[in-house]
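Engineer: I have a structure here, written as C-alpha cells, and I will follow up with some questions on it.
The values are calculated or read from the model by the stated rules, or taken from the named source; none is laboratory data. Predicted model only: the values in this text are computed from it and were never measured. FYI the Cβ positions are ideal-geometry reconstructions off the backbone, even for glycines, and counts take in every protein chain you see. Each accessible area value is taken on the protein alone, full model and side chains, heavy atoms only, with ligands, DNA and RNA left out. Shrake-Rupley method; radii C 1.70, N 1.55, O 1.52, S 1.80 Å.
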Amino acid sequence: ILRMEDRRIDYTISFWGPLLFKTILSNKDIKSLLSICNKNTSHHKRLAGVIKEEYTLDNVLFGNIVKPYLEAFMGAYNEYYNISHSTDIYVKQCWVNYMKAGDSNPTHIHNNCNWSSVLYLDVPKQIIEEQNNFEGTGGGPDSISFICGPHNDDFIFQKDFRPRTGDFFIFPAKLPHSVPSYKSNCTRISCAANFTLQETGYHLP
C-alpha cells in the first residue's frame, strides 16, 4: 500500500519469477483515460494482436493520468528486486484497443522497452457472463495469461486473470502473455503502454 496526502493506491504482487504488478484504477481516472481515447491514428500494424481497432494515444496525457499508479509500481519494483537507488520511469508508447467478438492476442512479448502494461477501461457484463458460463480449463474467454518458462509441476509458471473494469497490470516487457477471443456481441476497451527505466530521479514526460 502506498499512502499519499490525498489518496491511497492498493496493489498486489505475485511472488514468482518476474514482478507482476496489479492495481485498480479509480472511476475518475477511468473516465479521464476514456476522454483521451480517439481513433485518429491507427496503431494496428505495430502490434501482434488480431484486433482491427487499435489507436495511438498521447504519451504525455496518458502519463499524467497514470502517474500515481506508476509511483506505486516503482515502490513495488524497489521492494521486489531489493533496489535502493532511484529510478525514472518513462512512457514510451501507449495505445487503445477496441476488442470485439472474435478478436484475440496471440502469445507475444513487447520489444524495445523494459516494462509493459494493460489497463481495462470497460469490460462489458456480457463478457463476464460468458466467462462465468465457460466450462473449459484455463482463464476462459477474454482472460489474460502470463507465462513464465516451460511447464513444471513444482513451478507456478502461468498466471491467468479474468479482468474487470479498472484492472491495471504492469509486467516485464519480455514476459509472454496472451488474450483469447470471446463470442459476446460487445466491445471491450483497454489501454496498453510500454515503459523504459533509467537510474536517476523520478520523471514523466
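Engineer: Rounded, prolate or oblate: which fits region 61-165 when a ≥ b ≥ c are the square roots of the eigenvalues of the alpha-carbon gyration tensor, with rounded for a/c under 1.5 and prolate only if a/b beats b/c?
Structural biologist: Because a/c hits 1.5 or more and a/b fails to exceed b/c, region 61-165 counts as oblate.
Engineer: Kindly write out, for region 115-120 in residue order, the coupling ³J(HN,Hα) from the Karplus curve 6.51 cos²θ - 1.76 cosθ + 1.60 (θ = phi - 60°), rounded to whole Hz, with x marking Gly and Pro.
Structural biologist: Once θ is set to phi - 60°, the couplings for region 115-120 become 9, 10, 7, 9, 10, 9 Hz.
Engineer: Turning to a different aspect of this structure: Tally Lys/Arg at +1 and Asp/Glu at -1 over every other residue whose Cβ is under 13 Å from the Cβ of Ile24; what's the total? Please report the intermediate quantities before stating the final value.
Structural biologist: Working: positive: Arg7, Arg8, Lys22, Lys28, Arg164; negative: Asp10, Asp29, Asp167.
Around Ile24, the charge tally is +2.
Engineer: Continuing with this model, one more query. Taking the chain as a Gaussian network, where each spring joins two C-alpha atoms under 10 Å apart, which residue of Ser35, Ser145, Ser117 fluctuates the most?
Structural biologist: Result: Ser35 has the largest fluctuation of those listed.
Engineer: With a 10 Å cut-off between alpha carbons and a GNM built on the chain, which of Val123, Val96, Val50 moves the most?
Structural biologist: Of the options given, Val50 has the highest mean-square fluctuation.
Engineer: For the chain, give the percent of accessible area contributed by carbon and sulfur heavy atoms, probe 1.4 Å, rounded to a whole number.
Structural biologist: Working: 5090 of 10440 Å².
The value for the chain is 49 percent carbon and sulfur by accessible area.
Engineer: Enumerate the amide H contacts of Glu53 below 5 Å, restricted to partners 5 or more residues apart or on another chain; note that Pro and chain-start residues carry no placed amide H.
Structural biologist: Residues meeting the amide H criterion: Tyr98.
Engineer: Please list the non-local residues whose amide H lies under 5 Å from the amide H of Lys92, H modeled 1.01 Å from N, same-chain partners needing a gap of 5 or more.
Structural biologist: The list, which skips near neighbours in sequence, is Asn194, Phe195, Thr196.
Engineer: Expected output is a single nm value to one decimal: the length gained when fully extending between Gln198 and Phe157, i.e. 0.36 nm times separation in residues minus the C-alpha distance. What is it? All intermediate terms of the calculation are to be shown ahead of the outcome.
Structural biologist: Working: separation 41, 0.36 × 41 = 14.76 nm, distance 2.85 nm.
So the extension gain works out to 11.9 nm.
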